[in-house]
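In what follows, a structure is listed as structure tokens, so that the remarks can point back to it.
Nothing in this text is a laboratory measurement; each read-out follows from the coordinates by a stated rule. Treat the numbers as computed from the prediction; the structure is a model and nothing was measured. A quick note on method: Cβ atoms are made from the backbone with ideal geometry, for glycine too, and the neighbour counts reach across all protein chains shown.
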Amino acid sequence: MDLSIEVPLHTGSSFADLGSYVASILAVAVLVLVLSGWLLERTRRVSATASIMLFLGLTILPIFMMLFGAFASVEQAKSVEFCHSCHTAMNPYVADMLDRDSTTLAAVHSSERYIPRDPCYKCHANYGVWGEAEAKFRGFAHLYHWLLASPTALGIEQIETYEPYANGPCLECHSGAKSFLESGQGVHRMIADNLLELDDDTGAPVTSCLVCHGPAHPKLADIEVEIVPERAEG
Amino acid sequence: MNKPDLIRLPGPRLRGRVLLLSKLLILLAAVLTLVSVNLCTALTLSLFLIVGQAAVIAGAGLALFVAATDFLRTRGTSEVHFNAGETVFRQGDVGDLVYVIVSGEVEAIREDPDGEDKVLATMGEGEYFGEMALLSDAPRTATVRARTDLDAIAMARADFTTLYAYLPNLRVNVESVMTERKAQNRERLGSKSSFGMLLAGATAAALMASAAHAAGDAAAGESLYKKHGCAQCHGMEGKGDGYLLPMLKETPTMRDWSDPEALDGLTDEFMIEITEKGGEGVGKSEIMLKYGKKLSRDEIVDIVAYIRSLQ
């Protein structure tokens, strides 16, 4: 199987990169200021300079460091690299998505570069540590499973979405396109116009996009070899 | 006497510990930030978001607390406590505080890098130290250490000089004790004397507010004159140029007592009476206050003798 990876794992926005550069510079500045201020303070010679260095290094800069760091982290948490960092749990999905021969929905979107950045996040937008409150809980639930090394986290058991996948994220990108509304034998327009009923039990649209366009990812059982993509240079 | 309301600031040991904690927290946060934004893994991100952010908030908060107490310490008069054995300041430190001992004892030590440290003096209740601070940001000339648990009042230079400049009363008090102090200091520290020590006498005097006086007509009158603030209006040399006058709503005309003709026609009786009953009591300017309750007849007689001696 061809495992050459064309989509780099690290696909964070340049905005996020800028944030992480600034946060890194601030963090280094804080380290330098605090450590040298500390040393100077001990020599008891230039205590005024030491005080200023410590004041800057202990109050103002760390606060900016925290703000930029939080911004950068939240942005980075959207990247494939981040999802992939929980290797055993998320690897099958990443590997499949990056596999150019795969025909799953995620792989099609990725290999054709339909979603140039943060594809996992775009399709799971209401997922994420800093998403909406409910998504946040899910994020922590994943972290919890992962920390406890549950079977799903270890990649031994099939992961199931907690709730049926709603069409929301798909429509976010597609509902505006004329070609989309006019294709799909009228079903697309009906879905976009909310004309289709919801399932009484699950609340999911009876006509999920996946009915005709699935599967989004392969099932665990279908993955014969574990595919470990190399980390691409980003 | 009521105990003045002073802010009690943390001593150096507590300050050092708080600052140390702050430094460690911030260093931890900086490392976590570096790792988190560069590695982009769930573990580092969670550590940064949970531990790192909390560390920044706590660390910066503690540092601000230290900065605020440092600021208060150099801006005002505050109460400080040192445990026995703690160093109040060290030789070579830059200092701008004068300390007056409320209770406890300290020793001043001259640190000699090549030789033995030498105890210069021990000081106790009511005594002061750190006077060099009043000169400028000059380095401390000796290390001062608490021999016992120590409560002291730390007074900032700015505070002291303001008080000193605006309260001639205090200044006068202080100056009268100064000579005494100066001699004592000279004895204690060999022949060295300094402006700082002179002013330090002032601090002590101001806080102890006690001045001993020998008997003697004009001489006793002089210190009473200065102690009771006559100089605020009549001036330090009785020239009628006290600092209070320009601040009054209407500036009274004052006699210059150093002018030989100034008191012509004024009897001692009148001078005693006006001091006792005030200007109002004798049909003169009510700005001249009445001192009948504060001063005895004998004391007023002494003051008048002093006033007469100014000519």
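Remarks
- With a Förster radius of 22 Å applied to the C-beta separation of B:Leu72 and A:Arg42, the computed FRET efficiency comes to 0.35.
- Calculated P(r) of region B:212-309 - Cα pairs past 15 Å, %: 61
- Shielding score for A:67-73, defined as the mean number of other chain Cβ atoms within 10 Å: 6
- Note on region B:9-72: Kirkwood radius taken over Cα pairs, Stokes-Einstein applied at 37 °C and 0.692 mPa s, translational D equal to 265 µm² s⁻¹.
- Charged neighbours of B:Arg17, selected by a Cβ distance under 14 Å, balance to +2 (K, R count +1; D, E count -1).
- Placing dummy labels 7 Å off each Cα toward the beta-carbon, the span from B:Glu107 to A:Ala221 is 8.6 nm.
- Cα-projected label distance for A:Gln158 with A:Val187, points at 7 Å along beta-carbon direction, nm: 2.1
- Net length gained if the chain between A:Val211 and A:Leu147 were fully extended (0.36 nm per residue, minus Cα distance): 19.7 nm
- Restricting region B:50-122 to GluC sites (Glu not before Pro) that sit in a DSSP loop and have at most 12 other Cβ atoms within 10 Å of their own Cβ leaves B:Glu116.
- Average beta carbon contacts from partner chains per residue of B:45-52, 10 Å cutoff: 5
- Volume of the convex hull of region A:38-84 (Cα atoms only), normalised per residue: 71 Å³.
- Counted by Cβ distance under 14 Å from A:Gln158, the other residues give a net charge of -3, where Lys and Arg count +1 and Asp and Glu count -1.
- Cβ neighbours within 10 Å from other chains - mean over A:31-37: 3
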